[in-house]
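Worksheet: one structure, shown below.
The values are calculated or read from the model by the stated rules, or taken from the named source; none is laboratory data. Note that the structure is a prediction, hence the values are computed from the model and not measured. Cβ placement follows ideal geometry from the backbone for every residue including glycine, while neighbour counts extend to all protein chains displayed.
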Amino acid sequence: MRPNGWWTTAFWCCKTMQWIAGTGLVLFAIIQPMDESLKNLSIVGELIAALRPFSRPAVVAFGAGVVLFKYLAHLIGPPWVWAAIHAIFDEVRERAFKYKDGEPVHHHRVTLFEHVHFWRIWRLWLCFWQWKVGRFPWSGWLVPSARSGHTTKSCSTWFLAPDDADRAEGVVGQAWATNSQILVDKLPEVSESSSSTVIAEYATRTFVSQDWVKDRLGKPLPRSLCGVPIEVEGRIWGVLVLDSRAEDGIKSQKVTDLVDFVGIVLRHLLRRAK
Amino acid sequence: MSTWLRLNRHKMNRPLRRRIKGAEVTVFLSPYDVPEAVRGGVDMSTGRFTIQFKYLGCSEDPDEPLDAEAEDGPVVLRVGRNSHRLYRIELDTESLGVDRVEIRVLKAVDDAIDDLSKRRQRPPNRGRYDVTRQALVERGHDLVRELVGGV
């Protein structure tokens, strides 16, 4: 998930380093053509003369630094964008779900998944023993980027979304593959005591494998899901997912209205974050 | 160009029950594929009568480059390079003879969109052209009135 303190710090570190590298680049670019005779002028002249021999490699190094830190800051995205997205998701959560009296808000969630390629899922690179045929880090994945609320932020569930769209997993994967808004509700309640028939039904209706469901039997699974593709500059950037632990927790008509609003805002915000 | 004519997005994007990989789901078109408004008029830069669609979150101009389809024909379609969404329809009013037959124009546009929807797209999505057609059905006569008035 993006909008947390670590990412904000990392973004500002990158921006600071980019500024330092940019200043160094300009200074050494000025020093490089200067004459040796400057040495006689003052202490500054002596300093410049001493630095001159290193000016060529320094220009290259600082130039590379500017590019590198700019790229890293671009990958992380400006923190204000993610803070704004988070605030919008909290508002959507208030309006898009049917709440019962006393029900905790984290039973209903709004999550933004980003479609990424190999290098972004560093955990999958490290856990190379989990690689399988067609499930490599470079296969194409939908990974969570932002989520409503202040809990369940350490989500590490990602879904396969490869070029061969038939193999896309989850409701999120189907929304991405078909480029359509998909709503699945009235899913069966799955627990550790559930029969294999119930597990199979849940897996089929949510487009995941039975093993995927079995691995999560100890945790509460959503009983209604809605996936909406999100576009930036005409390309599918990712998928917005609304999930609820209630079997009819999503107000489908309300979602259609909200999606119009969120779709416009995300399109503009994510363009800034790109 | 005329002012934008608003379209009823909810009416055009009705939920459908579909079976995907053996599972029953409710499907809506992507909110980005349903046009918000349409307008028509003579484009001063090309001199052609142009029907323009406005989509969710886009200003007057689309936020992606446009590619032309069937550029030599009387009906030129301009689609988004990334999304393949139909943004503009340009009509050669002289060869279509619009001052005589309104129906002929709408039929020519419909055929051009039909050709476009049959072509292979990525990502696959035929519904987006059906909804564009629906927009033309909804506002077609207003646009043709503009066309006949403008020629």
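Kindly provide the set of residues from the stretch B:48-72 that are within 11 Å of chain A (Cβ to nearest Cβ) and either among the small types (Gly, Ala, Ser) or in a loop (DSSP other than H, G, I, E, B) (or both), ordered by number.
Those that are within 11 Å of chain A (Cβ to nearest Cβ) and either among the small types (Gly, Ala, Ser) or in a loop (DSSP other than H, G, I, E, B) (or both): B:Tyr55, B:Leu56, B:Gly57, B:Cys58, B:Ser59, B:Pro62, B:Asp63, B:Glu64, B:Pro65.
Listed here are the residues, each with its yes/no results for (1) at pLDDT 85 or above; (2) on the phi < 0 side of the Ramachandran plot.
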{"position": "A:Ala64", "(1), (2)": "yes, yes"}
{"position": "A:Gly77", "(1), (2)": "no, no"}
{"position": "A:Asp90", "(1), (2)": "yes, yes"}
{"position": "A:Lys98", "(1), (2)": "no, yes"}
{"position": "A:Gly102", "(1), (2)": "no, no"}
{"position": "A:Thr111", "(1), (2)": "yes, yes"}
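Quick one: which helices (runs of 4 or more DSSP H) lie wholly within the stretch A:164-274 and hold at least 1 residues that are within 10 Å of chain B (Cβ to nearest Cβ) and among the acidic types (Asp, Glu)?
Filter on the stretch A:164-274 gives A:196-206, A:252-273.
Given the conditions (1) away from chain A (no Cβ under 14 Å); (2) part of a loop (DSSP other than H, G, I, E, B); (3) in contact with a strand residue (DSSP E or B) (Cβ under 7 Å, 6 or more places away or on another chain), which single one is not true for B:Pro35?
Failing condition for B:Pro35: (1).
Could you list, in sequence order, all residues of the stretch B:21-32 that are out of contact with any Asp or Glu (no Cβ under 7 Å at 6 or more places or on another chain) and either closer than 22 Å to A:Gly263 by Cβ or away from chain A (no Cβ under 14 Å) (or both)?
Result: B:Val25, B:Thr26, B:Val27, B:Phe28, B:Leu29, B:Ser30.
In the list B:Arg104, B:Arg85, B:Arg81, which residue meets the criterion of being surrounded by fewer than 17 Cβ atoms within 10 Å (Cβ to Cβ) and at pLDDT 85 or above?
Every option except B:Arg81 fails the conditions.
For the stretch B:80-96, enumerate the residues that are facing chain A (nearest Cβ under 10 Å) and either farther than 26 Å from A:Phe261 by Cβ or free of Cβ contacts under 8 Å to residues at least 24 places away in the same chain (or both).
Listed by number, the residues that qualify are B:Gly80, B:Arg81, B:Asn82.
Among the helices (runs of 4 or more DSSP H) lying completely within the stretch A:23-116, list those that include at least 3 residues that are surrounded by 16 or more Cβ atoms within 10 Å (Cβ to Cβ) and out of contact with any Leu (no Cβ under 8 Å at 6 or more places or on another chain).
Qualifying helices (runs of 4 or more DSSP H): A:55-76, A:79-96.
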